[in-house]
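Student: For reference, the structure I am asking about is given below.
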Amino acid sequence: MELKQSLSVHLEAEKPLRRYGAVEETAWKAEGLGSQLDIISMAETSMMPEEIELEMAKIQRLREVLVRRESELRFMMDDIQLCKDIMNLKQELQNLVAIPEKEKTKLQKQREDELIQKIHRLVQKRDFLVDDAEVERLREQEEDKEMADFLRIKLKPLDKVTKSSASSRAEKKAEPPPSKPT
């Protein structure tokens, strides 16, 4: 056990940390500049602000899609549970209905009425759930249209900017900055 821990500690110590924000985890060396190459700064990224905005819009859209999918799955789970409950109550009701009316006790007749009321309430609840899901689906379609229009308007100017910035970045990468060692 101790061997595994010492091996993992040793292997972690050998890995160079190359990620944003790794300053406190980076082992600083005496030569100075050599260890600074392991730190990635946000200022050194090659993304333009317009590209960052575009990426943020894509991430936001993905988040919205995932939230919608989660909502759909919750609806499906609720629907399945309601259907199971309705089927169980119907089965119990069928068992009571199978008994001839003359042989039923007052308690069985009362239970039969209760089951009918419970089934009715569950069916109403499920109908409401289905109606609510349909309204939600229509609202989401409208939001999708609005978002598509917005993105089409927003992304057309960004496409031009990103194409021009990509060519200017290629020129910048050709020569290293004067303050950095090569």
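The values are calculated or read from the model by the stated rules, or taken from the named source; none is laboratory data. The model shown is predicted, which means the values in this text are computed figures rather than measured ones. Here the Cβ is made from the backbone with ideal geometry for all residues, glycine too, and neighbour counts use every protein chain on show.
Student: Listed residues Leu122, Leu115; which is free of Cβ contacts under 8 Å to residues at least 40 places away in the same chain and surrounded by 12 or more Cβ atoms within 10 Å (Cβ to Cβ)? First the steps, then the outcome.
Tutor: Working: Leu122 fails: free of Cβ contacts under 8 Å to residues at least 40 places away in the same chain.
Checking each option against the conditions leaves just Leu115.
Student: Follow-up question, since we're still on this one. With the structure loaded, tell me whether Met42 is within 26 Å of the chain's Cα centre (by Cα), at pLDDT 85 or above and either among the hydrophobic types (A, V, I, L, M, F, W, C) or exposed (fewer than 11 other Cβ atoms within 10 Å of the Cβ) (or both) or whether it fails that test.
Tutor: Working: within 26 Å of the chain's Cα centre (by Cα): yes; at pLDDT 85 or above: no; either among the hydrophobic types (A, V, I, L, M, F, W, C) or exposed (fewer than 11 other Cβ atoms within 10 Å of the Cβ) (or both): yes.
The answer is no for Met42.
Student: Only one of these conditions is not met by Ile119: (1) modelled with pLDDT of 95 or more; (2) within 30 Å of the chain's Cα centre (by Cα); (3) of a type in the set (Val, Ile, Thr). Which number is it?
Tutor: For Ile119, the exception is condition (2).
Student: Next up: Kindly indicate the residue of the stretch 49-60 that is modelled with pLDDT under 85 and closer than 13 Å to Leu151 by Cβ and also surrounded by the most Cβ atoms within 10 Å (Cβ to Cβ) among those meeting that condition.
Tutor: Selected residue: Leu54.
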